[in-house]
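See structure below.
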Amino acid sequence: MKTELLKIDSPQQTDLLRRAAEVLRSGGLCGIPTETVYGLAANALDEAAVRKIFAAKGRPQDNPLIVHIASMEELPALVKEIPPEAKALADAFWPGPLTIILPKADCIPDAVSCGLPTVAIRMPSHPIANAIIREAGVPLAAPSANTSGKPSPTTAQHVLHDMDGKIDMIVDGGACSVGVESTVVTLCAKRPRLLRPGGVTLEQLRDVLGEVDVDKAVLGELASGEKPSSPGMKYKHYSPDADVKLVRGSLESFARFAKTYPAADTLILCFDGEESAFTNETIALGSASDAKTHAQRIFRALREADDRSFRNVLVHCPDDRGVDLAVLNRLLRAAAFQIVETE
Ligand code: TXA
Ligand code: MG
């Protein structure tokens with residue numbers, strides 16, 4: 001299959017939007033920009049189209065997909081009920097990087113929900129994503145547009161790298177502004193529960209909902225055989241071919257630890273101003289306190305490690321506050337939970 005790359009700069013380019021919408025309406029797959037990461041979209045109500053997503057990504061069959069909508073009018077048809085917490089979250093954070101798990105309506109195909117009685121819904125804020133959903137006239141199922149297990153794509157080039165020849169079209173709408181996937185919160189548990197941290201922070205969720213539980217899989221490793229609340233949490237994820245380790249400790253002790261690795265094979269991900277402590281190649285993720293920039297840069301940096309054939313990546317461990325909780329969650333999985341304490 002030839003994968004067409006289509007650059008769309010603005011939601012006013014209706015002729016181009018129509019071409020992407022046509023691919024989706026006719027059962028094809030289209031990579032689309034969102035504010036979080038690029039998505040691999042199909043018509044969520046077309047079971048055969050949705051199944052193609054799993055094939056293109058090599059995605060495990062039990063990992064359900066997020067359904068993307070462009071307006072609140074679309075929501076009632078997709079879910080069994082809209083609890084007041086959902087309304088409050090939507091008012092506060094939609095459109096934006098938040099996914100809400102709700103009881104699913106019967107029209108949601110099994111291919112989307114993977115046998116669960118629930119469905120994940122998100123309304124992205126990216127103007128091109130919004131315009132494509134509207135133009136297609138159907139909700140779009142879209143996981144991140146990476147090969148399963150690899151770092152998520154934050155540019156159209158990343159999508160092309162993973163999906164060239166496997167999907168019909170990629171819409172290039174520029175680099176993603178958030179850089180990590182949406183926050184996933186379920187309203188189908190006893191209390192609201194954070195399943196995946198993202199661009200909307202736990203602190204922001206608590207401001208709106210009061211108490212919010214944090215699923216154990218957010219920062220912890222599940223025991224083998226343990227059933228996750230979110231199937232995606234059990235897989236090794238976001239992971240380059242290089243071996244990734246998180247390093248916690250002072251800059252001096254990190255630099256000493258880095259010296260135990262062959263310099264030419266080992267990439268350091270650190271914070272601004274720390275580069276000169278290392279003899280290795282470094283990529284700075286922004287200043288230590290700038291979590292939003294860490295999020296914007298993390299997947300690109302992990303992909304760069306593979307593009308440049310590094311065998312090891314040592315990452316200065318971020319905090320667990322604000323958007324850094326999302327960055328830490330992704331890095332823990334990229335590193336298969338390997339953390340080195342250098343102090
Ligand atoms: O920002 C995002 O959310 C991006 C963009 C494209 O919108 N999408 C994305 O999709 O990250 P994906 O498939 O890579 O991650 C979806 C996560 C998975 O961990 C999946 O297990 C979980 O959401 N999920 C989906 N439906 C669920 C459900 N009904 N119950 C629990 N978890 C669910
Ligand atoms: Mg993903």
Checklist outcome for this item: For the stretch 142-166, the count of residues that are in contact with a strand residue (DSSP E or B) (Cβ under 7 Å, 6 or more places away or on another chain) and either away from ligand 1 (no atom under 12 Å from the Cβ) or at pLDDT below 95 (or both) equals 3
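Is one or more of the residues making up the stretch 71-80 in contact with a Leu (Cβ under 6 Å, 6 or more places away or on another chain) and surrounded by fewer than 24 Cβ atoms within 10 Å (Cβ to Cβ)? Before you say what the answer is, go through the steps one by one.
Let us first name the residues in the stretch 71-80 that are in contact with a Leu (Cβ under 6 Å, 6 or more places away or on another chain), namely 79.
Add one more test, that the residue is surrounded by fewer than 24 Cβ atoms within 10 Å (Cβ to Cβ), and what stays is 79.
Checked the stretch 71-80: at least one residue is in contact with a Leu (Cβ under 6 Å, 6 or more places away or on another chain) and surrounded by fewer than 24 Cβ atoms within 10 Å (Cβ to Cβ).
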Next on the checklist: Looking at the stretch 208-249 only, could you name the residues that are touching a residue at least 24 places away in the same chain (Cβ under 8 Å) and charged (D, E, K, R)?
Outcome noted: Asp213, Glu221, Lys236, Asp241, Asp243, Lys245, Arg248
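Can you go through Ala77, Ala55, Ala49 and tell me which one is of a type in the set (A, V, I, L, M, F, W, C) and within 17 Å of Ile100 (Cα to Cα)? Can you show your working first?
Details: Ala55 fails: within 17 Å of Ile100 (Cα to Cα); Ala49 fails: within 17 Å of Ile100 (Cα to Cα).
Ala77 is the lone residue from the list that is of a type in the set (A, V, I, L, M, F, W, C) and within 17 Å of Ile100 (Cα to Cα).
Got a sec? Which strands (runs of 3 or more DSSP E) wholly within the stretch 158-267 have at least 1 residues that are within 16 Å of ligand 2 (Cβ to nearest atom)?
Numbers: elements: 169-172, 183-186, 193-196, 243-248.
Qualifying strands (runs of 3 or more DSSP E): 183-186, 193-196.
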Checklist entry - at positive phi and within 20 Å of the chain's Cα centre (by Cα): does that describe Gly322? => result yes
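Could you check how many residues of the stretch 184-217 are of a type in the set (A, V, I, L, M) and in contact with a Pro (Cβ under 8 Å, 6 or more places away or on another chain)? Explain how you work it out, then say what you get.
First, the residues of the stretch 184-217 that are of a type in the set (A, V, I, L, M): 184-185, 187, 189, 194-195, 200, 202, 205, 208-209, 212, 214, 217.
So of that shortlist, the ones also in contact with a Pro (Cβ under 8 Å, 6 or more places away or on another chain) come out as 185, 187, 200, 205, 209, 212, 217.
Within the stretch 184-217, residues that are of a type in the set (A, V, I, L, M) and in contact with a Pro (Cβ under 8 Å, 6 or more places away or on another chain) number 7.
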Checklist entry - In the stretch 220-256, how many residues are at pLDDT below 95, in contact with an Asp or Glu (Cβ under 7 Å, 6 or more places away or on another chain) and not hydroxyl-bearing (Ser, Thr, Tyr)? => result 3
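Enumerate the helices (runs of 4 or more DSSP H) found wholly within the stretch 67-138, keeping only those where 1 or more residues are within 15 Å of ligand 1 (Cβ to nearest atom) and under 23 Å from Ala48 (Cβ atoms). Reasoning before the result, please.
Numbers: elements: 84-93, 110-113, 127-136.
By residue number, 110-113, 127-136.
Quick check on the stretch 197-213. Is at least one of its residues among the aliphatic types (A, V, I, L, M) and closer than 26 Å to Pro11 by Cα? Steps first, please.
Just the residues of the stretch 197-213 that are among the aliphatic types (A, V, I, L, M), to begin with: 200, 202, 205, 208-209, 212.
Then keep just the ones that are closer than 26 Å to Pro11 by Cα; that gives 200.
Taking every residue of the stretch 197-213 in turn, at least one turns out to be among the aliphatic types (A, V, I, L, M) and closer than 26 Å to Pro11 by Cα.
The values are calculated or read from the model by the stated rules, or taken from the named source; none is laboratory data. Owing to the predicted nature of the structure, the values given are computational and were not obtained by experimental measurement. For neighbour counting, all protein chains shown are included, and Cβ atoms are generated from backbone atoms with ideal geometry for every residue, glycine included.
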